[in-house]
1. List every residue pair whose Cβ atoms lie under 7 Å apart, where the two residues are 6 or more positions apart in sequence or sit on different chains, the first residue falls within the stretch 66-89 and is within 19 Å of G25 (Cβ to Cβ), and the second residue, located anywhere, is small (G, A, S) and assigned to a helix (DSSP H, G or I).
2. Of the numbered conditions (1) buried (at least 18 other Cβ atoms within 10 Å of the Cβ); (2) touching a Ser or Thr at 6+ places or on another chain (Cβ under 6 Å), T80 fails exactly one; give the number of that condition.
3. For the stretch 17-40, give me each residue that is among the β-branched types (V, I, T) and either part of a helix (DSSP H, G or I) or closer than 21 Å to T112 by Cα (or both).
4. So, in the stretch 117-145, exactly how many residues are free of Cβ contacts under 8 Å to residues at least 60 places away in the same chain and surrounded by fewer than 18 Cβ atoms within 10 Å (Cβ to Cβ)?
5. Among the residues of the stretch 172-202, write down those that are more than 23 Å from the chain's Cα centre (by Cα) and either at pLDDT 85 or above or small (G, A, S) (or both).
6. Working only within the stretch 36-52, note down all residues that are surrounded by fewer than 24 Cβ atoms within 10 Å (Cβ to Cβ) and among the β-branched types (V, I, T).
7. Residues in the stretch 62-69: is at least one farther than 16 Å from A146 by Cβ, buried (at least 24 other Cβ atoms within 10 Å of the Cβ) and of a type outside the set (K, R)?
8. Give the residues of the stretch 159-202 that are among the polar types (S, T, N, Q), under 14 Å from T15 (Cβ atoms) and in a helix (DSSP H, G or I), sorted by residue number.
Amino acid sequence: MSATIIAVANQKGGTGKTTTCENLGIGLVREGKHVLLVDTDPQASLTIALGYPRPDDLPVTLTDLMTNVMQERPVTPEETILSHTEGADLIPASIMLSGLEVSLVNAISRETVLKQVLESVKSQYDYILLDCLPSIGMLTINALAAADQVLIPVQANYLSAKGLEQLLQTVSKVKRQINPRLKIEGILLTMVDSRTNCAKEISSLIRETYGGRLKVFSTDIPRSIRAAEISAEGVSIFKHDPGGKVADAYRNLTKEVLKNAEKRRKHQLDQLR
């Protein structure tokens, strides 16, 4: 078994990347999958959301693993991996990553440092989800270079929809120059307030504009106060508000991701025949 690596990316902040990474990851665990979540953002939002409120005090983080690759020292992710109570594993981040991003610029094979870190754990998981930071710098390029797929959370508003084009250009550049297997898993509409016409308009605008060439998930993630509360609790939406509409939406998203994977597997088998 070799993990499918999904980068959850959008250079715009506040689109629900971390919430999606956490809840899709734990959704996949609940479907019986082995999942590793990797925090590639120096702000360490995912690390905090999974119950480590002081990431800068953690003894070993992603920075150490990437530094080892850059300095050609042995990489042992096992000592970095933390276990979450709901069954997912985590490679945490800390503010030290922002210093590492600066030094990546002069590193040899600078785009593939994260990929080399993940090589050693890929065989132990079904899915590895990368929570990307809200910018298109070296860390995001590293995530795209390591990933098989990109999942793009987009907030249902005009500015967010506008920033999408820039990200799609970056993805196709990485695909051309660094990682030919990179595909777009889909665009996910987040924080959708179905009561407003504006959200409905943007929802259909994105589906019309991109639906022809890219998958737009049929699941929308609704706006919810309860979803915003979970990062303080260190648990997923499934634990915090299992009967709520956001938990339902992430259950449906998980099923869509697994269905996509099944389709791809069938397609690959058909091609081999």
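The values are calculated or read from the model by the stated rules, or taken from the named source; none is laboratory data. Just so you know, these numbers come straight off a predicted model, no measurement behind them. Glycine gets a Cβ as well: all are built from the backbone with ideal geometry, and neighbour counts include every protein chain shown.
1. Going by the 7 Å Cβ cut-off, the qualifying pairs are A88/G25.
2. (2)
3. Keep residues of the stretch 17-40 that are among the β-branched types (V, I, T), which gives 18-20, 26, 29, 35, 38, 40.
Hits for the stretch 17-40 are T18, T19, T20, I26, V29, V38, T40.
4. To start, the set of residues in the stretch 117-145 that are free of Cβ contacts under 8 Å to residues at least 60 places away in the same chain comprises 117, 119-120, 137-138, 141, 145.
Next, only the ones that are surrounded by fewer than 18 Cβ atoms within 10 Å (Cβ to Cβ) stay: 119-120, 137.
So the count comes out to 3.
5. Once the filter is applied, which keeps residues that are more than 23 Å from the chain's Cα centre (by Cα) and either at pLDDT 85 or above or small (G, A, S) (or both), the stretch 172-202 yields S194, A199.
6. Narrowing the stretch 36-52 to residues surrounded by fewer than 24 Cβ atoms within 10 Å (Cβ to Cβ): 36, 42-43, 45, 48, 51-52.
Correct list: I48 only.
7. Scanning the stretch 62-69 turns up no residue that is farther than 16 Å from A146 by Cβ, buried (at least 24 other Cβ atoms within 10 Å of the Cβ) and of a type outside the set (K, R).
8. Within the stretch 159-202, the subset among the polar types (S, T, N, Q) is 160, 166, 169-170, 172, 177, 179, 190, 194, 196-197.
With under 14 Å from T15 (Cβ atoms) added as a condition, the list becomes 160, 166, 190.
Of everything in the stretch 159-202, those that are among the polar types (S, T, N, Q), under 14 Å from T15 (Cβ atoms) and in a helix (DSSP H, G or I) turn out to be S160, Q166.
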